[in-house]
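The values are calculated or read from the model by the stated rules, or taken from the named source; none is laboratory data. Quick caveat: nothing in here was measured; it's all calculated off a predicted structure. Glycine gets a Cβ as well: all are built from the backbone with ideal geometry, and neighbour counts include every protein chain shown. Note: areas computed on protein heavy atoms with side chains; ligands, DNA, RNA excluded. Shrake-Rupley method; radii C 1.70, N 1.55, O 1.52, S 1.80 Å.
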Amino acid sequence: PISQPWKGSGIDDIYNNHGPFEYQEYPPIVQSDSHVVLFKLPINSKMEIEPNYSLHPPNNWHVDWVKMPHSPWSMYPFEEEEKMENCYRPRWEVINEALKKKIMSSAQLEAAIFSYNSKESDQWDFRALHYFFSETMKKEETEIFFENLLPKMIQLALQLPTLITGSIPVLKQQKNTTLSMSQLQIASLLANAFFCTFPNYEIYPNINFYRLFRAFKDDKFQRSLAVSEKLRCLIHYFGKVTSVAPQGTVTFQRRYIPLDDCPEWGKMTHQLPPLHITSKGTIESNAAGLLQVDFANKKVGGGVLNWGCVQEEIRFVICPELIVTRLFTEELENTEALVVTGIEQYSNYEGYGNFFKWNGDFIDETPRDSSGRRKTSVVAMDAYRFTKKNEQYTIQKINRELNKAYVGFSSVESNQDNLPAIATGNWGCGAFRGDPKLKVLIQLMAAAVNKKSLVYFTFGDEALQDSIAEMYSHLVQQNIRIGI
Ligand code: AR6
């Protein structure tokens, strides 16, 4: 028999028979007590986005605010010969001096970065970065990088104090805080992360790139090659944002629903929502306008700035604006998720895991909403990592996953009609060892109570597509409700 590339509801039904971007918009960006906006509102029609000068001053040095590299509180010790004791000067000055010297090789880049990280750099080494330039880039490409691109990246990084004039709030646990910034502000923050200028506190997730620069091992050669390909994606991103400054905005929204406000799953009487299931395509390429699930780590981004190279990490390197979440998102708790709206894709890729490869430029033509955000939304939700496979069938763990998906899929849109469907797949079923047949039921239940349809990508697995379709149609025919 010829296999069908999809089963269940047709994609037009999922899209309510309209175009992919005709869903009602997320609420427009408005500054409030729970929504910090780092740029000036309103944005004019030419999309000239200016910093917001009316914010908390940038020198907050407090657990509720991101510790910025240019904060006056960030001081750096140096020894004065006569006094034999430590004196201090602003670390931002040291950073400026180091990055304004001519840097023509990865060795010089490493030396510059170490010069303002002397305490940590004892443990750092940039093997992966050196390998990247000496072995994977052509000689001319490396020359062009140090001649042209690196100076522009340095300029972008050192512009930080003029681009971000307020403090960035930490998106703390158990708070529904929202943060909006411009893509250019994000680019400057990421350039700073590349140069490892953020103070190194062991608050996680953490954003300086030094772990990525170190991720090379002879006995993990294939994995090391995938790290090089991730670096290529990131360099490609910096090339693009430094040649034409990106013009839009991005919103980061932490969602917290207290456990007591989560559904009593056993009592829910909803029917199963429409399901479109396909073995073809991917969440990022075939679900325009839908709420796209990031199979996340509770430390968002997981191993993106290290060895990791599965669904989340790949999404983060082709859409690097997602990486900035690591600067301000506290670890996700059980009933929390992070929704990011407005990100752009910069690179194409092929392969997966150790065989991941950068595959050229991607021109993202997703339209923007009235607040300047591309109409792409990603929800980071971390499944539970099962060390013992059988553990997942216990009611505690099933409830944990139901509540997590419920929070991730929940709507903040005021009008409950015309909500975008969820685009997901084997959430928690790769690195985290879940069972896709159980996870699909969990995600269907969470979508049902949120009145949303589900698009499920089995990522090439036709047998899984067929067996889930069979299970689903059986449940629908028997008119099974989601309550137990
Ligand atoms: N589109 C649709 N499905 C996909 C895609 C894609 N682009 N990529 C992979 N899959 P995994 P997890 C399928 O292992 O188990 C990261 O390190 C594919 O079948 O990434 O939730 C995070 O940071 C794959 O096996 O997610 C976490 O630490 C399956 O989705 C951890 O992994 C699961 O992908 C999360 O692990």
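Worth a mention:
- The single condition among (1) under 28 Å from PRO199 (Cα atoms); (2) within 24 Å of the chain's Cα centre (by Cα) that VAL30 does not meet is (1).
- Only one entry in LEU438, LEU464 is in contact with a Ser or Thr (Cβ under 6 Å, 6 or more places away or on another chain) and within 16 Å of the ligand (Cβ to nearest atom), namely LEU464.
- Residues of the stretch 257-266 that turn out to be free of Cβ contacts under 8 Å to residues at least 12 places away in the same chain and part of a helix (DSSP H, G or I), as a count: 2
- Residue within the stretch 268-286 that is hydrophobic (A, V, I, L, M, F, W, C), at pLDDT 95 or above and more than 16 Å from the ligand (Cβ to nearest atom) present: yes
- Residue among THR269, THR242, THR251 that is hydroxyl-bearing (Ser, Thr, Tyr) and part of a loop (DSSP other than H, G, I, E, B): THR269
- For the stretch 34-72, residues that are in a loop (DSSP other than H, G, I, E, B) and within 13 Å of LEU163 (Cβ to Cβ) total 11.
- Residues satisfying the stated conditions in the stretch 409-435, i.e. open to solvent by less than 30 Å² (accessible area, probe 1.4 Å) and away from the ligand (no atom under 12 Å from the Cβ): PHE409, SER410, GLU413, LEU419, PRO420, ALA421, ILE422
- Restricting the stretch 449-461 to residues that are within 16 Å of the ligand (Cβ to nearest atom) and under 19 Å from ILE14 (Cβ atoms), the residue that is surrounded by the fewest Cβ atoms within 10 Å (Cβ to Cβ): PHE459
- Among the criteria (1) free of Cβ contacts under 8 Å to residues at least 24 places away in the same chain; (2) assigned to a loop (DSSP other than H, G, I, E, B); (3) open to solvent by 30 Å² or more (accessible area, probe 1.4 Å), the one ASN334 does not fulfil is (1).
- Figure legend. Inter-residue proximity from the stretch 144-167: first residues open to solvent by 60 Å² or more (accessible area, probe 1.4 Å), second residues modelled with pLDDT of 95 or more, beta-carbon distance below 7 Å, spacing 6+ or different chains. Indicated pairs: LYS152/THR242; GLN159/SER188.
- Each residue in the stretch 117-147 was checked for being under 27 Å from the mean Cα position of the chain (by Cα) and farther than 15 Å from ALA215 by Cβ, and 5 pass.
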